[in-house]
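The values are calculated or read from the model by the stated rules, or taken from the named source; none is laboratory data. Remember, predicted model here, so these are calculated numbers, not experimental data. Here the Cβ positions follow ideal geometry from the backbone for every residue, glycine too, while neighbour counts run over all protein chains shown. With ligands, DNA and RNA removed, areas are computed over all heavy atoms of the protein, side chains included. Shrake-Rupley method; radii C 1.70, N 1.55, O 1.52, S 1.80 Å.
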Amino acid sequence: MDGRLAGKAALVAGAGSIAEGWSNGKASAVLMAREGARVFCVDRNAAAAEETAAEIHAEGGEARAWQADMSVAAEVEAAVAACLDAWGQIDILFNNIGLQALGGPVELDEADWDRLMTVNVKPMFLACKHVLPAMVEQGRGSIVNNSSLASLRFAYPAVAYSASKGAVNELTRNIAGQYAPQGIRCNAVLPGVMATPRITRRLKEVHGDGFESVLEERAGIVPMGRAGTAWDVAYAVLFLASDEAAYITGTELVVDGGLAASVRGRPWSEEMGG
C-alpha cells in the first residue's frame, strides 16, 4: 500500500474509541494506515485498541493492538519496546489521551485538578521520553500532540482542562526546539467544537433526550455552521505526521471551522458541555 506514509511506523496513544463511532485516535490510526503506515494501536481499553486494529486489518493495512495505561512509566516503556520489536522503528507518535472536567477554581475539586493534570499531560511526557531515543537514533521523527482550542481562549469554565492543554502546547514547543537539530519535529493539533463519541456521550449523560439540541447549539457558534468530526482532526494529524510538513515544527494547527478567528461567536456555556 503506497501513500503519504509509506514505509513508516506510527504509534498512536489513545487509538481506541470510548463509545461507538469514530474518535480522534481511531480515525487518525485508520487514516495513517490507509496512507501506508504500520500502526501500533495503544489504548487503556484493550478491546478498543483491538477494534481499531481490526478496522485497519479489514482494509488491508498492517496494525497491532496493545493495552497500556500511558500515565504509568513502566507500561509506556513496554509499549514502545513492543512497537520497536515489531517494526524496528517509530517514525510517528500521535499522543491522543485526555479527559475533561468542568468548573473554575472554586467549583473544581482538587482531585479533579490532579486527575486532569496527570491524564492530559503526563502520558505525553512519558511517551516522548521513551520514543525520542529511538527517533534520535533514526535521525528522524514526527510527534503530534492533541491539544485543544481551549488552550488559547476562554470558552467555558474548565480551568483544569484549559491549563492542562496549555501545558501540552508548551511541552510541544520545548520538545520541538530541543530536537529540531536532530531531525525530529513536534507539533500540536487544537480541535475546537467537536462531535466525537466522547463529547456526544457526555452530552447525553447531562441532557438526556435533549442532547441533540445542545449539539446544534454548539455547532451554531462555529462560522462554518457545524461541529468538527474526528476525520477533520485526523487529516490535520496526517499532514503534520507526513513529510509534507517537513519544515513545520513547534506550532499549533487549529482545527475549529474558523471559531478562533471569529468575532461573531460567543463563549460556550457550561451547559453546552464543552
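Site pair ALA74 and MET117 shows an inter-label distance of 2.5 nm when each label is modelled 7 Å from Cα along Cα→Cβ. Can you give the Rg to Rh ratio for the stretch 212-251, taking only C-alpha atoms and Rh from Kirkwood? Using Cα coordinates only, the ratio equals 1.19. Based on the Kirkwood approach, the hydrodynamic radius assigned to the chain is 18.6 Å, with every pair of different Cα atoms included. Measuring nothing but protein heavy atoms, the accessible surface of the chain at 1.4 Å probe radius is 52 percent carbon and sulfur. Computed from backbone phi with θ = phi - 60° and the Karplus coefficients 6.51, -1.76 and 1.60, the 3J(HN,Hα) list for the stretch 29-40 is 4, 5, 5, 4, 5, 4, 8, x, 7, 8, 10, 9 Hz; x is used for glycine and proline.
Ligands, DNA and RNA aside, GLU216 has an accessible area near 130 Å² when probed at 1.4 Å. Electrostatic bookkeeping for GLY139 treats Lys and Arg as +1 and Asp and Glu as -1; over the other residues with beta carbon under 13 Å from its beta carbon, the sum is 0. Amide H contacts for GLY103 (H built 1.01 Å from N in the peptide plane; partners 5 or more residues away or on another chain; cut-off under 5 Å): ALA158, VAL159. Accessible area per residue for the stretch 32-114 is 46 Å², calculated with a 1.4 Å probe on protein heavy atoms, without ligands, DNA or RNA. Here the contact order of the chain, divided by its residue count and restricted to Cα pairs under 8 Å and six or more residues apart, works out to 19 percent. Once the chain from ASP85 to GLU110 is taken as fully extended at 0.36 nm per residue, the excess over their C-alpha distance is 5.0 nm.
Net length available on complete extension from PHE239 to GLU59 is 62.7 nm, with 0.36 nm assigned per residue and the Cα-Cα distance removed. Length gained on full extension, VAL136 to TYR247, computed as 0.36 nm times the residue gap minus the Cα-Cα distance: 38.2 nm. Note that the stretch 1-54, at 4 °C in a medium of 1.567 mPa s, gets a Stokes-Einstein diffusion coefficient of 120 µm²/s from its Kirkwood radius over C-alpha pairs. Remark on the stretch 68-169: Rg and Dmax equal 15.4, 49 Å (Cα only). Summed over qualifying helices (DSSP H, 4 residues or more, each -39500 (n - 2.57)) and divided by its residue number, the chain shows a 222 nm mean residue ellipticity of -14500 deg cm²/dmol.
Backbone amide hydrogens, once placed in the peptide plane, bring VAL255 within less than 5 Å of LEU190, GLY192, excluding anything fewer than 5 places away on its chain. Lysine pair count for the chain (Cα-Cα distance under 25 Å; residues 8 or more apart in sequence or on different chains): 9.
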